[in-house]
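Coordinate-derived values only; no laboratory data. Everything numeric in this text was worked out from a predicted model, so none of it was measured. Neighbour counts are summed over all protein chains in view; Cβ atoms, including those assigned to glycine, are modelled from backbone coordinates with ideal geometry.
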Amino acid sequence: MASLEEYLLESYEIPENMDGTENQRFRIQDDNQADWALRKIARARQNLKKNDETAKVLIDRINCWLDSESDKDNREIQFFTALLQEYFEAQFVFNPHKKTYKLPAGQVQFRMQQPEFKRDDATLLEFLKSREMTDFIETKETPKWGELKKQIQVVGEHVVIKDGKMEGEIIDGVEVVHRPPTFRVVTEGDDGNGI
C-alpha cells in the first residue's frame with residue numbers, strides 16, 4: 001500500500017494557472033503552489049479522519065454483535081462442560097488410571113496438575129540470602145544509560161566521554177547511528193500530528 005505522500009504525488013490535480021507538459025513531474029515552484037499543496041494535504045487528512053470515524057462506527061457495531069453471540073456460545077460451552085465434568089468425574093474415580101474417555105463426537109480428559117506457587121519474592125529472597133543459597137538468586141547488571149548519556153558526546157562515528165579524567169576516551173559497546181532530519185507538514189486545523 002502506498003503512503004499518503006506517494007499517493008498524493010501520483011494523483012495530484014494540476015492548478016489552473018500552471019503550465020507545462022503532462023509528461024513532466026509536477027514540482028512546486030512558488031508560494032501559491034505550496035499553499036495549494038498544503039490544502040490538498042489538509043483535505044486528504046480530513047478524508048482519512050472521516051473514513052476512520054466511519055470505520056470505527058462499523059467496527060463497534062460488529063464487535064457488539066460478536067460479543068453478544070460469543071456470550072451465548074460461551075454460556076452454552078460452560079453449561080455443557082459442567083454437565084460432562086459432573087458425569088465423568090465419577091467415571092475417573094472408579095478407574096483412576098484412565099485419563100481420556102473417547103466418544104464419537106470427541107473426548108474428555110482428566111489430568112492432574114502441578115501445584116501453583118504463590119510467592120512473596122521479598123521474603124523468599126531474604127530467606128535465600130540468610131541461608132547463603134545465592135545460586136538461586138538472579139543478579140542482573142545493566143548499564144545506567146540515562147546517566148551515562150549525560151556524560152558522553154558524539155565525535156564522528158564514535159561516542160566519547162566528554163569530561164573528567166577519561167575525557168575523550170572512546171566508549172565500547174555503543175554504535176552511533178546518524179539519522180536524517182525529520183520533515184513534517186502541519187496544516188491549518190491540524191491536531192499537530194502532521195506527516
If one compares the long axis through the Cα atoms of helix 31-94 with the longest principal axis of the Cα atoms of the chain, the angle in degrees, nearest 10, works out at 0
Say the cut-off is 30 Å between C-alpha atoms; which of Lys144/Lys165; Lys140/Lys165; Lys72/Lys102; Lys49/Lys150; Lys140/Lys162 go over it? Lys49/Lys150
Residue by residue through the stretch 110-127, the couplings from Karplus 6.51 cos²θ - 1.76 cosθ + 1.60 with θ = phi - 60°, in Hz, x for Gly and Pro, are 10, 10, 6, 10, 5, x, 8, 10, 9, 10, 9, 4, 5, 5, 4, 4, 5, 4
Distant-in-sequence amide H partners of Val159 (H built 1.01 Å from N, under 5 Å): Ile171
Tell me, what are the semi-axes, in whole angstrom and largest first, of the equivalent ellipsoid of the stretch 48-195 as set by the roots of 5 times the Cα gyration tensor eigenvalues? 56, 39, 14
Quick query: amide H of Val186 versus all other amide H atoms, modeled in the peptide plane; which residues come in under 5 Å with a sequence gap of 5 or more or a different chain? none
Say R0 is 35 Å: what FRET efficiency, to the nearest 0.05, do Asp190 and Gln29 get from their beta-carbon distance? 0.90
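Rounded, prolate or oblate: pick one for the stretch 59-134, where a ≥ b ≥ c are the square roots of the eigenvalues of its C-alpha gyration tensor, a/c under 1.5 means rounded, and failing that, prolate if a/b is larger than b/c, else oblate.
On the way: a/c = 4.20, a/b = 1.40, b/c = 2.99.
Oblate, since a/c reaches 1.5 and b/c is not below a/b.
Run the numbers for Glu116 and Leu66: contour at 0.36 nm per residue of separation, minus the present Cα-Cα distance, in nm.
Values: separation 50, 0.36 × 50 = 18.00 nm, distance 3.37 nm.
Here the answer is 14.6 nm.
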